[in-house]
Amino acid sequence: MSNRDLIIFITLSFMWSLSFIFYRIGVPEFGSLAFASLRVVLAGLTMLVFVLISPKNREGIRDNWKVLTLVGLFSAAIPFILFAFSARSVNAGVLAVLNASVPMMSGFIASTFFKDRLSRTQILGLVIGVIGVIILMSENLFGGSSGQGAESSSGLLPMGYALLACVGYAVGANITRNYLYNVSPVAITAGSLIIASIIMLPIAVYEFPHGKSISLTAWVSVICIGVFSTAIALIFMNQLIKSIGPMRATSITLVIPIFAIILGYLLLGEALDTPAIIGSMVILFGTYLSLELSIKKMLKL
């Protein structure tokens, strides 16, 4: 990994970890559907610039619009909505840790549906990651007294939304890898986000809190998550995939929770309980194994 790639890696980790902070700030004022829809629309408008200046990107989108529609739904529209609902009650750090399960899910889908065999180490990583998720959600799964049943269920459901969002990311990644290998990364990003934004635009208009006063902080959060943490971040991600390969690039989800937990503590005053801390560590270790990463080798490349 070159110094340039390392800088992009760290920068992208920071940008994506901020998205969970933006969720926590903007969702309470905009509402889950409106915030997620605006995120997609703003990202699509940003990527429209790359389509207008490059005929090659337009050609790639035109020839693959059906598959790009699926990628836009599974990799953007649906996960963004689910994460927005989850962000109503789940800490930014916990959301980021759940997001770190994407590589594990992607590996499972690849091996099950696309005959991409996993090694024993990767399978062990998947199992450990699932155990970590159970620990993370333990207070809601095994909440104790029956009087706390409703509270436990209400806490479990938002985490379930986040995990379903991760499934969407994993499905989208596998579709991209297997059906869009001849399309440029920029065209994939632009096409999927623009198509998703067209789909989400009516929802954004309908769900927008008309007549409600939205704070400047909330507006800044939705603009930043759409432009920087979605459109520009995906451009950086595609650059990393080209430079160091998809498996190493995906390992960025290991670093994001660290930034998100620190930022959540500093900016939002969030705190993590013992199960969350232990579960986070187990999930990160499971993801590390499932990717068969080597820190020494990564830094030498």
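The values are calculated or read from the model by the stated rules, or taken from the named source; none is laboratory data. All values reported here derive from a predicted model rather than from experimental measurement. Counting neighbours? That spans all protein chains shown, and the Cβs are built from the backbone with ideal geometry, glycine included. All accessible areas refer to the heavy atoms of the entire protein, side chains included, with ligands and DNA or RNA removed. Shrake-Rupley method; radii C 1.70, N 1.55, O 1.52, S 1.80 Å.
A few points about this structure:
- So Ile194, is it among the β-branched types (Val, Ile, Thr), more than 17 Å from Thr46 (Cβ to Cβ) and either in a helix (DSSP H, G or I) or open to solvent by less than 60 Å² (accessible area, probe 1.4 Å) (or both): no
- Close pairs (6 angstrom Cβ cut-off, 6 or more residues apart or separate chains): surrounded by 14 or more Cβ atoms within 10 Å (Cβ to Cβ) in region 204-219, hydroxyl-bearing (Ser, Thr, Tyr) anywhere: Ala204/Ser37
- Which listed residue is aliphatic (A, V, I, L, M), assigned to a helix (DSSP H, G or I) and under 24 Å from Gly264 (Cβ atoms), from Ala110, Ala84: Ala84
- Residue within region 38-56 that is within 26 Å of Tyr179 (Cβ to Cβ), outside any helix (DSSP H, G or I) and open to solvent by 40 Å² or more (accessible area, probe 1.4 Å) present: yes
- Pick from region 9-30, criterion more than 20 Å from Val97 (Cα to Cα) and open to solvent by 20 Å² or more (accessible area, probe 1.4 Å), ranking: modelled with the lowest pLDDT: Pro28
- Residue tally, condition open to solvent by 10 Å² or more (accessible area, probe 1.4 Å), modelled with pLDDT of 80 or more and within 15 Å of Phe20 (Cα to Cα), over region 91-137: 1
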